[in-house]
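See structure below.
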Amino acid sequence: MRHRLYHRIFLSMFGFVVLALVLAALAGHLLLSEVVRTHLSSHLLAVGARVARQLPPPERPNGELQAALEQACGSIPLHAAVWSRDGERLAYTTVDLPMPEAGLSEWRWLGPRRGTAIAMPLHDARVLVLQPRRLPRPGSFVASLLVLAGLLAAASYPVARLVTRRLEILETGVRRLGEGDLSTRVTIGGRDEVASLATSFNRAAERLQRLVEAQRRVLASASHELRSPLARLRVALELMRESRPAAVVDQAVAEVEELDTLVEELLLAGRLEVQPPLVPAEPVDVTALLQAEAARTGAAVAGAPAWLRADPRMIRVLLRNLLENARRHGGGSAVEAGVEAVPSAPPGVRVWVADRGPGVAEADRERIFEPFFRPADHSEGRDGGIGLGLFLVRSIARRLGGDAVCLPREGGGSRFVVTLAPAPTSPPA
């Protein structure tokens, strides 16, 4: 269970207040208990003197003493008992009163808790024990403390919620900005640190949005400026077929097409870095796209139709780069590929491409997905790539909620596995 900040603030405030309340109550009890006992003892001694005057002399029967004691305490909220000096209980209104000590010469408190009852020696050698009928109970203090704690909790919770609610608004804005919504701004009133933080966030988001928009414009301009001369060069090469050897022209056209592909990869890599996450566009049969791309490289494809909602152009780029990577680095071995549905949550599609090449060193299995990374035994341009293919594969897969990994293949070679997590869809009608 997630512990929200306002819960922690609320519990901290509540705990400190309750602790202060308990300490104050204990201090008050220690300071006032002696005063209370002094006033209570004075009151009980005065009442005991009045009760003693109403008691018959010792030589009268105990029945008269019992009746006189009950009459004397009937209108007073006190329990009382009369004891002889040798420890015999002569009369009482309750049996719960403690027995006084033998040879008592002056009044004193009795009972397991000091202040429960008071013993008064009388002039006729008897002892009168008195106790208030309604003593303060610890339960009442605890109940009062609980009620006060409930009131404090009811007052503290809205305060903590008010403080943290603004932080939650700011956290939501940061998350939306991180997800690619560059137009996100937060509105938090006030002049405190949270409001200052919100202002700084809005300024940073605005600068970031301007930078990204400028980069998008540069990418769009670069796409136009680079594609135009490449198109003209391709046309010129086609016109040269009649006057130049066909092999030379074909080689030049292949180089232009390779350059065009590299430019496309560079531009796509830039767009993936600055554009919002890809939005699923239409039903796509991943198996059919894989078979179409495999026809260009001669790879063998296995698997039944597997549908999901995605941008088919991005899926084509992902599959093409997977197959081209296996063709380039497979050492001339046969390339195998397949597609399978993933029923687990979240459901999706898994694509795999395998070869029998030299494989990838364990230390490089993550780094090969970095842009422009090339293993030590691959020189730039030797195999027709610049190190963007696998970077595009993982970028597209993660934009679609999945991932791409490189695994060693049993018997030698590599096996690239890509999961695409958008919920599968049924074939279009």
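The values are calculated or read from the model by the stated rules, or taken from the named source; none is laboratory data. Nothing here was measured: the structure is a model prediction, and the numbers come from that model. Note that we place each Cβ from the backbone using ideal geometry, even for glycine, and neighbour counts take in every protein chain shown. All accessible areas refer to the heavy atoms of the entire protein, side chains included, with ligands and DNA or RNA removed. Shrake-Rupley method; radii C 1.70, N 1.55, O 1.52, S 1.80 Å.
For (1) closer than 21 Å to Arg210 by Cα; (2) out of contact with any Ser or Thr (no Cβ under 7 Å at 6 or more places or on another chain); (3) polar (S, T, N, Q), each residue gets a yes or a no:
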position: Ala155; (1), (2), (3): no, yes, no
position: Pro158; (1), (2), (3): no, yes, no
position: Arg161; (1), (2), (3): no, yes, no
position: Glu168; (1), (2), (3): no, yes, no
position: Gly173; (1), (2), (3): yes, no, no
position: Gly180; (1), (2), (3): yes, yes, no
position: Ser183; (1), (2), (3): yes, yes, yes
position: Thr187; (1), (2), (3): yes, yes, yes
position: Ala195; (1), (2), (3): no, yes, no
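Within the stretch 49-71, the set of residues being in contact with a strand residue (DSSP E or B) (Cβ under 6 Å, 6 or more places away or on another chain) and not aliphatic (A, V, I, L, M) comprises Asn62, Gln66. Take Val194 and decide whether it is surrounded by 12 or more Cβ atoms within 10 Å (Cβ to Cβ), farther than 28 Å from Val17 by Cα and among the β-branched types (Val, Ile, Thr). It is false that Val194 is surrounded by 12 or more Cβ atoms within 10 Å (Cβ to Cβ), farther than 28 Å from Val17 by Cα and among the β-branched types (Val, Ile, Thr). Considering every residue within the stretch 40-58, establish whether at least one is under 60 Å from the mean Cα position of the chain (by Cα) and at pLDDT below 70. Looking through the stretch 40-58, none of the residues is under 60 Å from the mean Cα position of the chain (by Cα) and at pLDDT below 70.
For the stretch 123-142, a residue qualifies if it is at pLDDT 65 or above, in contact with a Ser or Thr (Cβ under 8 Å, 6 or more places away or on another chain) and under 30 Å from Leu21 (Cβ atoms), but none of them does. Taking the criterion of being among the charged types (D, E, K, R) and assigned to a helix (DSSP H, G or I), the residues of the stretch 180-216 that qualify are Glu193, Arg203, Glu206, Arg207, Arg210, Glu213, Arg216. Kindly evaluate Ala214 against the criterion of being surrounded by 10 or more Cβ atoms within 10 Å (Cβ to Cβ), within 53 Å of the chain's Cα centre (by Cα), modelled with pLDDT of 70 or more and closer than 22 Å to Thr164 by Cβ. No. Are any of the residues in the stretch 342-354 open to solvent by 10 Å² or more (accessible area, probe 1.4 Å) and modelled with pLDDT of 90 or more? Among the residues of the stretch 342-354, at least one is open to solvent by 10 Å² or more (accessible area, probe 1.4 Å) and modelled with pLDDT of 90 or more, which makes the answer yes. Just to verify a result, which residue in the stretch 108-122, among those that are surrounded by fewer than 20 Cβ atoms within 10 Å (Cβ to Cβ) and modelled with pLDDT of 85 or more, is nearest to Gly63 (Cα to Cα)? That would be Leu122. For the stretch 401-419, a residue qualifies if it is surrounded by fewer than 20 Cβ atoms within 10 Å (Cβ to Cβ) and more than 33 Å from the chain's Cα centre (by Cα), and the qualifying residues are Pro408, Arg409, Glu410, Gly411, Gly412, Arg415.
Counting only residues that are out of contact with any strand residue (DSSP E or B) (no Cβ under 8 Å at 6 or more places or on another chain), farther than 18 Å from Leu407 by Cβ and not in a loop (DSSP other than H, G, I, E, B), the stretch 295-326 holds 9 of them. Among the residues making up the stretch 300-341, those that are among the basic types (Lys, Arg) and surrounded by fewer than 17 Cβ atoms within 10 Å (Cβ to Cβ) are Arg309, Arg313, Arg316. Looking only at the stretch 93-101, decide whether some residue is over 60 Å from the mean Cα position of the chain (by Cα), closer than 14 Å to Pro121 by Cα, modelled with pLDDT under 85 and open to solvent by 70 Å² or more (accessible area, probe 1.4 Å). Scanning the stretch 93-101 turns up at least one residue that is over 60 Å from the mean Cα position of the chain (by Cα), closer than 14 Å to Pro121 by Cα, modelled with pLDDT under 85 and open to solvent by 70 Å² or more (accessible area, probe 1.4 Å). Looking at Asp86 and the list (1) under 20 Å from Glu59 (Cβ atoms); (2) at pLDDT 80 or above; (3) charged (D, E, K, R), which single condition is not satisfied? The single condition Asp86 does not satisfy is (2).
Close Cβ contacts (under 7 Å, 6 or more residues apart or on different chains) running from residues in the stretch 383-406 that are over 15 Å from Arg320 (Cα atoms) to residues that are among the polar types (S, T, N, Q) and modelled with pLDDT of 85 or more comprise Gly402/Thr419; Asp403/Thr419; Cys406/Ser414.
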